[in-house]
Each structure stands twice: as C-alpha cells, then as structure tokens.
1. Amide H of V17: which non-local residues (sequence gap of 5 or more, or other chain) have their own amide H closer than 5 Å, using H built in the peptide plane?
2. Describe numerically, in nm with one decimal, the distance between label points set 7 Å from Cα along Cα→Cβ at R78 and at R138.
3. Can you give the extra length, in nm with one decimal, that the chain gains between A68 and L88 once fully stretched, where that is 0.36 nm per residue apart less the Cα-Cα distance?
4. How much length is gained on full extension from Y61 to V148, taking 0.36 nm per residue of separation minus their Cα-Cα distance?
Amino acid sequence: MTGAPGAGPAPGPAVLVAGIGNVFLADDGFGPAVAAELLRRPLPDHVQVADFGIRGMDLAYRITAGCAAVILVDAVVRGEAPGTLTVLEPQIPDDTAAGLQTHAMDPVRVLALARRLAAAPAGPLPRVLLVGCEPLVRMTGAEPDVRVELSEPVARAVPEAAGLVLSLLPGLLPAAGPVRAGEPAAGRVPGGA
C-alpha cells in the first residue's frame, strides 16, 4: 500500500518508507524526491511510501501504528562528497528531547517522541534505518528566497537512493508479498516471493 500519511495501513506488519525534509530548502527536499521516485516504481505488498515533509507529529504517530520497520530518507550532513548515500541505524539516547519544530523535522527528536508514544502499552519502536544523502546546498530557512530544486549531485542520487531503499526491503519485510495487480513483475525487489 502506498500513499499519503492519512491513508490506512496495509494489512499485517508493514515497512514504512518516509521521505522527510523541506522541499523549499534546496537539498533538504531529498527525502520527498525519493518518496516520489519510489511511488513511480513497483513495490512489494506491505510497503507504505509517504512524503512526510516536515510533519513530525504525523510521522511519530505512524511509526507507532504497528510498523514492522521504518526507513527514513533525508538529507544528512556527514562531511562526505555531495550526493554520497549512507545507510545508518540511528540510536536514540534516553535523554533526547521529544519536542517538535514547526518548520523543520529533526529525525532524532521525532524518534524520541515516537518512543515516548510507544512506551505503553504499544511496546518498543520498530527497527529504524536512515538512508541519507550528503547535501551540497544547505539552507536554514532564514534566507530571503526559497529554492525548490535539488542540487545536481543530490538530484542524481535520487534514483540510486530509491534503488537502495528497495534493496533494503527484503531484510525488513515480514514476508515478501506479490507485486500489486497491474504492476510489472520485472520491477520486483530481488528476494521477493
């Protein structure tokens, strides 16, 4: 199942792929661009793809709604060459503040909020991976103009990142389901049933 954050969950445990970032701040729009790319591709059953933008509260509640695993996709500054992709498994210290920002999304704070929401009776958070891309253009939101396009190296990384997300799914899906009706089997994720 795919779609917007308000869509209902797929039957059974699902992997949620969440594109996060502000599309008006240049390379910060990487996550939403990857979500859009994934929605154009065949996806296994039980995979939900959504562009959460900067809606941290929506994402926190979705993470606690019975997902088997979550893949966050975001621009991540790690000091690498622009466009470099990285897969991380974020660890959230117990003392991390769980507050949210109104015009940005800090994945660590969203995960801290989700952990607080899941404390009882829902239980622990699902496994969370982060597919990050090193940005070239970093904006703070204090600039006088917005920039809705990705830089060249980050835009080139979008299809590769979508492929990387698909390659992570077989290890996260509880049981690989068939491709939805009307979608070509040739585009299936390797290892799917």
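Each value in this text was obtained by applying a stated rule to the coordinates, not by laboratory testing. What you see is a predicted model, and the numbers here were worked out from it, not measured in a lab. For neighbour counting, all protein chains shown are included, and Cβ atoms are generated from backbone atoms with ideal geometry for every residue, glycine included.
1. Sorted by chain and number, the residues that satisfy this are Q48, V49, A50, I71.
2. Modelled inter-label distance: 1.5 nm.
3. Separation in residues times 0.36 nm, less the Cα-Cα distance, equals 5.5 nm.
4. On the way: separation 87, 0.36 × 87 = 31.32 nm, distance 2.74 nm.
Fully extending the segment from Y61 to V148 adds 28.6 nm.
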